[in-house]
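One structure is given below, encoded as structure tokens.
The values are calculated or read from the model by the stated rules, or taken from the named source; none is laboratory data. None of these values were measured; they are calculated from a predicted model. Note that we place each Cβ from the backbone using ideal geometry, even for glycine, and neighbour counts take in every protein chain shown.
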Amino acid sequence: MPILVRDGTRVLIQGITGRQGSFHTRLMLDYGTDVAGGVSPGKGGDWIEGLPIFDTVFQAVNATGANTSLILVPAAHAPDAIIEAVDAGIELIVCITEGIPVQDMLRVYQYVRASGSRLIGPNCPGILIPGHIKLGIIPAMIARRGHIGVVSRSGTLMYEVCFALSARHLGQSTIVGIGGDPVKGTGFIEILEMFENDLETEKVVLLGEIGGTEELEAAEYIQHGMTRPVIAFIAGESAPSGRRIGHAGAIVEQEQHTARYKRAALETAGAAVARTPAEIIDLIDS
Amino acid sequence: MWFRQFRIPIPEDFATGDPEHSYQFPVLHRLQVAIQTDRNARCAVMWAAFLAGAEDAGTQRTSYRMSINTLRGLHPYQINTIASEMDILRDHREAFVDLMRKLYRCYIDSDAERVEIHPLLITGHGQLLAAGGSLVIDENALYRQPELAARRDLTQEATPERLAREAGLLCITMPGQVGCLVNGAGLAMTTMDLIQHYGQEAGIGAANFVEIDSSDSPEQIAAALRISLSDLQVRAMLVNIFGGITRCDDVAAGIVLACREVAPTVPLIIRLQGTNAAEARRILEAAHLPDATFADTLGEAARLAVLAVKRTNDYAHPR
């Protein structure tokens with residue numbers, strides 16, 4: 001069994017009528033993802049890509065039995081979309097939206113935590129289980145079925161690394177983008193834990209970056225809770241401190257937030273740390 | 001987003017209530033209080049500390065912290081807890097609680113990442129005096145903070161960064177010599193790291209990076225290239241795109257468009273991988289761009305960019 005999804009994962013797209021929404025719905029259907037329909041307030045009753053549109057998540061869940069939601073709505077509406085999905089009993093919510101205010105995410109995080117739902121993202125590319133399901137915007141061409149679990153704060157860096165892995169016949173069990181925001185639904189530790197318990201995953205690639213201390217907590221988990229080998233890379237060694245480098249969460253405010261500090265912590269914890277993306281492959285092979 | 005700090009100038013001996021001075025009230029305590037977002041705990045944190053004597057930052061003693069679940073809001077008992085732990089005198093409690101409530105209101109209402117009073121003076125007459133402070137606003141929230149957005153101090157931004165903002169793009173400037181055009185923040189950081197990796201000994205690094213997005217048109221990509229090149233430090237230009245949703249042929253069309261308009265005088269190193277990469281290569285080769293080199297891997301692209309800077313430095317190539 002892969003992580004995060006199960007047999008019977010049935011997907012709703014919140015924001016299905018938007019430009020991004022309809023485009024990525026098509027790609028997910030092409031990949032074979034079981035998309036049941038979409039939600040777009042005020043457009044209930046219409047159809048798109050052969051799928052029914054509903055006004056609310058409740059109506060969509062009642063009509064289709066969907067248990068998973070992909071959120072592709074603008075930042076101003078995304079917090080409400082997440083809360084609506086939680087209230088409708090959605091198990092797994094993947095929020096792609098970038099640019100949600102941090103204070104909104106503080107409230108949403110506490111809301112989700114008190115519920116039975118799991119949130120991936122926001123500001124993430126989603127989940128891809130090669131040959132099985134595509135839940136988000138990760139391009140299918142980068143992936144190949146295999147036994148390496150990949151978890152990353154960054155989207156395109158993850159594409160780059162997976163593409164290189166696939167070219168060397170090092171396939172992936174599950175690819176998860178947890179997102180580049182400072183406050184997000186699911187962090188490294190939770191995904192590492194899932195990989196540790198996943199029979200299909202043999203090794204794990206962790207792609208971190210500057211900002212925050214998540215990688216340090218991940219290092220602690222790797223040291224004390226993991227038996228599977230972890231290969232890590234941290235982006236942003238050359239980044240100036242005190243500046244946000246593209247991702248809202250990528251900012252160095254203290255020494256612990258730097259790439260150097262995180263690399264050292266991961267090395268101490270027993271992870272193999274690559275200096276360049278190309279080195280990740282050498283470390284997996286060895 | 002930072003606003004400039006305000007600071008009321010206070011004489012060194014003010015904190016001691018020196019009678020020589022005309023200030024009529026003695027200062028009992030100097031405090032620093034703040035409410036800020038705690039990204040690890042995923043909540044807000046209210047925080048206070050005594051400052052020693054007339055000294056400023058760096059001499060804080062114990063700080064007192066209280067987490068606030070912003071979904072539930074700030075409760076008076078939480079402020080009372082801090083006031084009690086800090087031994088704030090009964091006479092000042094009411095004013096302290098009132099002030100912290102207002103500070104929290106300010107944090108919420110202005111979508112702040114951090115709001116701080118430093119120093120906060122407690123006078124002998126039971127008064128609290130905010131003598132300085134700062135406010136950091138969440139940039140993602142500016143769309144609903146028009147008044148604050150209008151007060152943004154644009155003169156503090158470097159020119160390419162301002163140009164990028166006006167064009168709806170993101171640009172970060174740095175002290176190096178290689179201009180970078182990359183899709184995605186993580187890949188951009190990695191690209192700049194590799195430039196540093198190969199160029200460090202020669203003192204070569206990234207001059208800037210302009211982020212492009214999957215939804216960008218060739219015109220926007222041309223604008224991004226123009227902005228990166230507008231930085232006069234730039235001695236070589238590196239375009240690194242991993243096409244997933246972004247189509248490499250769109251990026252290639254943008255590069256050709258931009259080169260026609262600006263005719264770059266620096267070497268161009270291009271690495272396009274992923275969706276429609278082969279087609280992109282054909283477009284770029286057919287355009288016969290002067291001084292353009294193609295790289296297959298990220299590492300090779302960074303190495304070539306460093307070499308290009310060295311070359312122009314060696315010939316002291318004027319721009």
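Please work out which residue is nearest to B:I137 (Cα to Cα), limiting yourself to the range A:245-263 and to residues that are among the aliphatic types (A, V, I, L, M), assigned to a loop (DSSP other than H, G, I, E, B) and facing chain B (nearest Cβ under 8 Å). Going through the qualifying residues, I end up with A:A248. State yes or no: is B:G179 farther than 28 Å from A:F23 by Cα and buried (at least 23 other Cβ atoms within 10 Å of the Cβ)? So B:G179 fits the description; yes. For first residues located in the range B:108-123 and outside the structural domain of B:L142 (by TED's automatic domain parsing), partners that are in a strand (DSSP E or B) and lie 6+ apart or on another chain with Cβ distances below 9 Å do not occur.
Residue-by-condition table, conditions (1) in a loop (DSSP other than H, G, I, E, B); (2) touching a Leu at 6+ places or on another chain (Cβ under 9 Å); (3) of a type in the set (A, V, I, L, M, F, W, C):
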| residue | (1), (2), (3) |
| --- | --- |
| B:R281 | no, yes, no |
| B:D296 | yes, no, no |
| B:R303 | no, yes, no |
| B:L307 | no, no, yes |
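Against the list (1) surrounded by fewer than 24 Cβ atoms within 10 Å (Cβ to Cβ); (2) within 14 Å of chain A (Cβ to nearest Cβ), the condition B:F242 fails is (1). Listed by first and then second residue, the pairs linking a residue in the range B:142-166 that is under 23 Å from B:R226 (Cβ atoms) to a residue that is basic (K, R) and part of a helix (DSSP H, G or I), with Cβ atoms under 7 Å apart and 6 or more places separating them unless they lie on different chains, are B:L154/B:R162. Filter the range A:248-286 down to the residues that are small (G, A, S) and out of contact with any Phe, Trp or Tyr (no Cβ under 7 Å at 6 or more places or on another chain) and list them by number. Of everything in the range A:248-286, those that are small (G, A, S) and out of contact with any Phe, Trp or Tyr (no Cβ under 7 Å at 6 or more places or on another chain) turn out to be A:A248, A:G249, A:A250, A:A259, A:A264, A:A265, A:A269, A:G270, A:A271, A:A272, A:A278, A:S286. Please name all residue pairs, on different chains or six or more residues apart, with Cβ atoms under 9 Å, provided the first residue is in the range B:73-94 and is of a type in the set (A, V, I, L, M) and the second residue is in a loop (DSSP other than H, G, I, E, B) and crowded, with 16+ Cβ neighbours inside 10 Å. Every condition considered, the pairs that remain are B:I82/B:I88. What do you reckon, is B:G53 modelled with pLDDT of 90 or more, on the phi > 0 side of the Ramachandran plot, over 27 Å from the mean Cα position of the chain (by Cα) and among the small types (G, A, S)? So B:G53 does not fit the description; no.
Of all residues in the range B:187-211, those satisfying the criterion of being farther than 19 Å from B:L232 by Cβ, surrounded by fewer than 24 Cβ atoms within 10 Å (Cβ to Cβ) and more than 21 Å from the chain's Cα centre (by Cα) are B:H197, B:Y198, B:Q200, B:E201, B:A202. For A:N62, the conditions (1) free of Cβ contacts under 8 Å to residues at least 12 places away in the same chain; (2) outside any helix (DSSP H, G or I) all hold with the exception of (2).
Would you be able to say whether some residue in the range A:264-274 is more than 23 Å from the chain's Cα centre (by Cα), facing chain B (nearest Cβ under 10 Å) and outside any helix (DSSP H, G or I)? Looking for residues that are more than 23 Å from the chain's Cα centre (by Cα), facing chain B (nearest Cβ under 10 Å) and outside any helix (DSSP H, G or I), one finds none in the range A:264-274, hence no. If we scan the range A:157-174, do we find a residue that is assigned by TED's automatic domain parsing to the domain that holds A:N62, surrounded by fewer than 24 Cβ atoms within 10 Å (Cβ to Cβ), aromatic (F, W, Y) and over 10 Å from the mean Cα position of the chain (by Cα)? No: zero hits.
Listed by position, the strands (runs of 3 or more DSSP E) enclosed by the range A:84-178 that each have at least 2 residues that are farther than 20 Å from A:G32 by Cα are A:118-120, A:145-152. Pairs, please: C-beta under 8 Å, at least 6 apart or cross-chain, first residue surrounded by 14 or more Cβ atoms within 10 Å (Cβ to Cβ) and in the range A:26-47, second part of a helix (DSSP H, G or I) and modelled with pLDDT under 95? As it stands, the answer is A:L27/A:A140; A:Y31/A:A140; A:G38/A:G21; A:S40/A:G21, since those pairs meet every condition given.
Scanning the range B:247-278 for residues that are buried (at least 16 other Cβ atoms within 10 Å of the Cβ) and under 21 Å from A:A164 (Cβ atoms) yields B:R247, B:C248, B:V251, B:I269, B:I270, B:R271, B:L272, B:Q273, B:G274, B:T275, B:N276, B:A277. Filtering the range B:174-211 to residues that are part of a loop (DSSP other than H, G, I, E, B) and at the interface with chain A (Cβ under 7 Å from one of its Cβ atoms) leaves B:M174, B:G184, B:G205.
I'm checking my understanding of the structure. Among residues of the range A:216-244 that are under 19 Å from the mean Cα position of the chain (by Cα) and closer than 20 Å to B:G184 by Cα, which one is nearest to the other protein chains (Cβ to nearest Cβ)? Among those residues, the one meeting the criterion is A:A235.
Conditions (1) surrounded by fewer than 21 Cβ atoms within 10 Å (Cβ to Cβ); (2) of a type in the set (G, A, S); (3) farther than 13 Å from A:I13 by Cα, marked per residue:
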position: A:A63; (1), (2), (3): yes, yes, yes
position: A:I90; (1), (2), (3): no, no, no
position: A:I96; (1), (2), (3): no, no, no
position: A:P101; (1), (2), (3): no, no, yes
position: A:G116; (1), (2), (3): yes, yes, yes
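Out of B:A287, B:A302, B:A278, B:A295, one residue alone is within 14 Å of another protein chain (Cβ to nearest Cβ), over 35 Å from the mean Cα position of the chain (by Cα) and not polar (S, T, N, Q). It is B:A278. The residue that is modelled with the lowest pLDDT, counting only those in the range B:215-227 that are within 14 Å of chain A (Cβ to nearest Cβ) and buried (at least 20 other Cβ atoms within 10 Å of the Cβ), is B:D216. Among the residues of the range A:68-80, the ones that are crowded, with 20+ Cβ neighbours inside 10 Å, over 16 Å from the mean Cα position of the chain (by Cα) and either at the interface with chain B (Cβ under 8 Å from one of its Cβ atoms) or more than 19 Å from B:T70 (Cβ to Cβ) (or both) come to 1 in all. In summary, strands (runs of 3 or more DSSP E) completely within the range B:62-148 and bearing 3 or more residues that are touching a Lys or Arg at 6+ places or on another chain (Cβ under 9 Å) occur at B:112-123, B:132-137.
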